[in-house]
Every structure is written in C-alpha cells, then in structure tokens.
Amino acid sequence: MSAGTFAPAPGAAPLARQVLAQAGMETRLLLRNGEQLLLAVVIPLIVLVGAVSAADRIGLSFDDPTVDVLTPGVLALAVMSTAFTSLAIATGFERRYGVLKRLGTTPLSRGALLAGKVGALLIVELLQFVVLGSAGLLLGWSPDVSVVGVVPAVLLGTAAFAGLGMLVAGTLRAEATLAAANLVYLLLLAGGAVVLPASAYGGLGDVVQWLPSGALGEAMRAAFNGEVPAVEMAVLASWAVVGGAAAARWFKWE
Amino acid sequence: MRIDGLVMRYADKTAVDDLSLVVEPHTITAVLGPNGAGKTTTLETCEGYRRPQRGSVRVLGLDPVKDRRALMPRIGVMLQAGGAWSGARTEEMLRHLARLHADPLDTGLLMERLALHECGRTPYRRLSGGQQQRLGLAMALVGRPELVFVDEPTAGLDPQIRRTVWELLEELRADGVTVVLTTHYLEEAERLADRVHIIDHGRLVASGSPLELTRGGTVATIRLVVTQPFPPGAPEALATALGATTELTVLDDLSLQVSGPADGSTLATVARWCEVHEVLPESLTLGQRNLEDVFLELTGREPEVSGS
C-alpha cells in the first residue's frame, strides 16, 4: 500500500449531486421493499381492476363511466400510499436504525435530505401513474386531462401527506408508525373519499371532502375531467402547511 | 480539537462535569471510562449532535453546531451501532456515503482493506455484527476526513480482523488523519494511542501517554501457581505475614495473587512462606502495571464488558 492512501482531502459534493444520490438511494430502497410495493402498486391495481369489473354487481353507479371515476381516485390513492404510508414507515425505521443520525454527520444537510426524499416520492409516484394509468386506459378510461389541474394537485397532495407522514414518523416509535401509517391508509381507503367520490358517502361526504384524502380524491377526479380544482387545492395547501409546520416543530431526529 | 469546561446535564444527572481536554492533530487519542462516564455525551457534543450547556467545544477550530456545514465534510464519524438502511447492500451504502463527498476514497479499496468485499451485495440486516462494525468504520473514512471519531471500532471483532483495524488506524495517523477513539479494550488504547484521557463521572481523571500513565505505579502484582494444592491454613498464614497493606486473593486450589507495595519485602515474604509451608512454585510472575491497573486505581471499577 503506497503511503498517503488516507491523506485527508475532505469536501462536500455539489448540492445537486447529493440530492440526486439521496433521491436515487431512497427510490431503490422503496422499490426493493416488498410490502411497500404492495401498498404502492398492487393494492391500487387490485382496487382499480376489481371495482371496475365488479361495479355492476356491487352496485356502484355514477353519472360518468365507472372507470373514468375510479381511475383518478386510484391515482389519488397511489399518491397517498407513497407520500404518507411509505414515507412514514421508511422514515420511522430510519430514525430507529440511526440512519438519520448517521446522515447527520455527513455533508448532507437537512434541506438536501428532505429534497432527496421528495425527489424519491415523485419518482415513485411517476412510476405508479404509468402502471395504474395504463391499467385504467386498458379498462377503457378516457381522461380529459387538465395539466394545470393535475400537476399542482399531485404536488400539493404529496406535500400535504408527506408533512403528515413525517409528523407520524418523527413522533412515534418505528413499530407504532408502521401500525398507524397502515391503519390510516386503510381507514382513508375505505372512508376517506379517495377512490370513491365524496358524493358516494351521502351526508358524510360534506365532512370527508375536507380531509386530505377527500380533497386529493376530488381534485384528481376534477383535474382528469378537464377542470382546475381550486378549492380542493386550497384545502391540500392548508394541510401541507399545518402538517409541515407540525412536523418541523415536533420531529425528533433520534 | 479542544474542549473547555464542558458541562452537560440531563434531568437529574450530570453527564459531563467541567471537562477540558485537547486533542493534538495527527495523533490517535483514546478516551476511556466506565459505562456512563460521559464519553459518548462528550463525543456527541464534538460531533454536533448536542449543544454544549456550558463551556465550549471547538473541532478543527469550528463550532460543531453553528459551523455544521463547514465542519461535517471534514470529519468522519463511526457510530457504535446502526447507521444504515436495513435493506441497503454493503457496497451500495458505502457508495452512497461516497457520493455525498467531493473527493471520496475508492470504495473498492476501502472494502478490501476492511475485508468487506465478500459481503458487498449483502443487505445490512444480514451482515454479522463484525461486518456491520467494519462498514461503520468504512463509512466514517470514505470522505477522506481530517478527523475521525471512532466509537468502539473493534468491539466484537475476531482477533485477526481487530489487528487489521489497528493497522488501518495506525496508517490513518501516518497519513495525517487525527483519530479520536473510545474503547473497552485497554490493550487497544495501550497499543494505539499517543494520548489517553480517562474520564469518570464526567470528569477527566488522568491524561497522558500510555507510558506516562503506567509508569511510577505504587502497586505490584505477584501471581503464584503451585504444583500441589495449598496446605490447609497456608494462604491465611501468608495473608497474616504480608500484613494489612497487601491484598491476597486465592484464585483456586493451585494459584493465588498478591497485590501490595512495589518493594522487595513483599516478594521476600512470599518466598519465605513457600519455604516454611513446603510449597513448590510452578510459576511466579511479577505483574507489570498496565493501563488496566491504572484504570482500576483511578475509577475503582472494571472496564465495561465488551458488547454491553
């Protein structure tokens, strides 16, 4: 071994490279995790195919074709599963296993860490949209896409759920986070007006549309119907501010 | 690195109590102390995880909390446990850390030096404790730091790999890296460290080179092993002959240990006792004072058991 192998040459990588590295790493870990993949793709796919093909038998009927109503809802579910459940579980275990502590003494700043996490969420969501959107199209979905509706709705929905996910992950133990994140996912899937429109919940619909799940579901249905869902986006933005501020205030790194 | 009058208190307990010490550049400095002595709190304050409650900490001339951005690229930290995603593969984890740095070490070389190349594709959760330990060290070194903090670098490693790690730490020093290490193994500190700081109850109780610390002891140890079991009453007679200033421990039927003033009379007393009681020594060893004895004298406690 020649002398000077370990001669000091410290320095931080350029910020962009750090963020890309972090986003890439988190994406790979997420896609490699079977349970998270189940939540991200398999369950939404089952919900979509199952509900569309069995709509008549289970008494689902809407003004518009069933697949046109359900596909945007399933895309909203996909955003929720990734930005809330997957993020919370992954971050909870990062706290538990000292990953955040470890990264705390690298050049990676907290801002770059968060940017990396958001990057990973958006990459995974894009993959989900490709898979689930294709499935919808195969089932006969004919969307009328409003780009200025869809993009902000997805971003705001991601921000709202990510803030809440980080709040759960940063305050509960890893096991409790795992349980809570899955439970909330199931409850919102069933009763949160994500997949089914708020109107399907009768009187309860007036309440659930103010939940982040209801707001995102309604926003996606509107945005894939050529509209710009201003009210729902405002609701999501409010949740993002509340969740983000609470997470920033109460998140414990260790 | 310089710590001045550091005080750290938790709810009802003072973890670090007016601690001051200096770490010279390009040295290996060992921080020793019993469990709960305040070693980890001190180190974590230097690493910027905790804010000093009183006193000041400067690492490479920087404030670890305020100057975090400037300091972090220049230091390497090896945590005692964890620090990796359970699903991340060894090589992938190390590469990730490398990408956060401007001019990292070659990860392949580092893995080879630490015998990690065989488990490059193994997820972290399936690594053995020793492999996780070595990956932790690799992660601390990959950014070519000027100063590394290593917490228990060889705990749970087999002797051969422990020697590899020791050689690596010595090479770091030779290449101009400053190493601050905590360890359970006093022989590790004795072999590696240029300077040893012994901490107890959050205070510095001794500082110096291993030689300075072990020199000039006042206690000598004599270990006697005999060929036949001691005759009844003989060990008691020896204890009486040696007097109250000397401590006698019967280790088993065939061996005993005497700790007493480091002078010729203790040895003479033991020799005379052998003659009187017709005890035939198989071996008689005079203990040299080592860092362990110093540690025991100063803290009154055994060093922590490894893996605790």
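Among helices (runs of 4 or more DSSP H) entirely within the range B:85-153, having at least 2 residues that are surrounded by 20 or more Cβ atoms within 10 Å (Cβ to Cβ) and either polar (S, T, N, Q) or modelled with pLDDT under 95 (or both) singles out B:107-113, B:129-141.
Out of all the residues in the range A:96-115, which are within 10 Å of another protein chain (Cβ to nearest Cβ) and either assigned to a helix (DSSP H, G or I) or surrounded by fewer than 21 Cβ atoms within 10 Å (Cβ to Cβ) (or both)? Residues satisfying the conditions are A:Arg96, A:Tyr97, A:Gly98, A:Val99, A:Leu100, A:Lys101, A:Arg102, A:Leu103, A:Gly104, A:Ser109, A:Arg110, A:Ala112.
Each residue in the range B:244-289 was checked for being in a loop (DSSP other than H, G, I, E, B), surrounded by 12 or more Cβ atoms within 10 Å (Cβ to Cβ) and modelled with pLDDT of 85 or more, and 3 pass.
Checking each residue in the range B:165-180 for being surrounded by 15 or more Cβ atoms within 10 Å (Cβ to Cβ) and facing chain A (nearest Cβ under 7 Å) picks out B:Glu171, B:Leu172, B:Asp175, B:Val177.
Quick grid of which residues meet (1) more than 14 Å from chain B (Cβ to nearest Cβ); (2) of a type in the set (D, E, K, R); (3) more than 23 Å from A:Leu211 (Cβ to Cβ):
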position: A:Thr27; (1), (2), (3): no, no, yes
position: A:Leu30; (1), (2), (3): no, no, yes
position: A:Gly34; (1), (2), (3): no, no, yes
position: A:Leu45; (1), (2), (3): yes, no, yes
position: A:Leu48; (1), (2), (3): yes, no, no
position: A:Thr71; (1), (2), (3): yes, no, no
position: A:Thr91; (1), (2), (3): no, no, no
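Close contacts from the range B:48-66, counting a first residue that is in the same structural domain as B:Val179 (by TED's automatic domain parsing) and a second that is surrounded by fewer than 18 Cβ atoms within 10 Å (Cβ to Cβ) and among the acidic types (Asp, Glu), with Cβ to Cβ under 7 Å and a gap of 6+ residues or different chains, come to B:Gly55/B:Asp4; B:Ser56/B:Asp4. Looking across A:Gly50, A:Gly34, one residue alone is free of Cβ contacts under 8 Å to residues at least 40 places away in the same chain, over 30 Å from A:Glu218 (Cβ atoms) and out of contact with any helix residue (DSSP H, G or I) (no Cβ under 8 Å at 6 or more places or on another chain). It is A:Gly34. Scanning the range B:220-238 for residues that are free of Cβ contacts under 8 Å to residues at least 40 places away in the same chain and buried (at least 19 other Cβ atoms within 10 Å of the Cβ) yields a total of 1. The set of residues in the range A:237-252 being within 14 Å of chain B (Cβ to nearest Cβ) and either surrounded by 13 or more Cβ atoms within 10 Å (Cβ to Cβ) or part of a helix (DSSP H, G or I) (or both) is empty.
The values are calculated or read from the model by the stated rules, or taken from the named source; none is laboratory data. For clarity, every value in this text was computed on a predicted model and none was experimentally measured. Methodologically, a virtual Cβ is constructed for each residue, glycine included, from the backbone with ideal geometry; neighbour enumeration extends over all protein chains shown.
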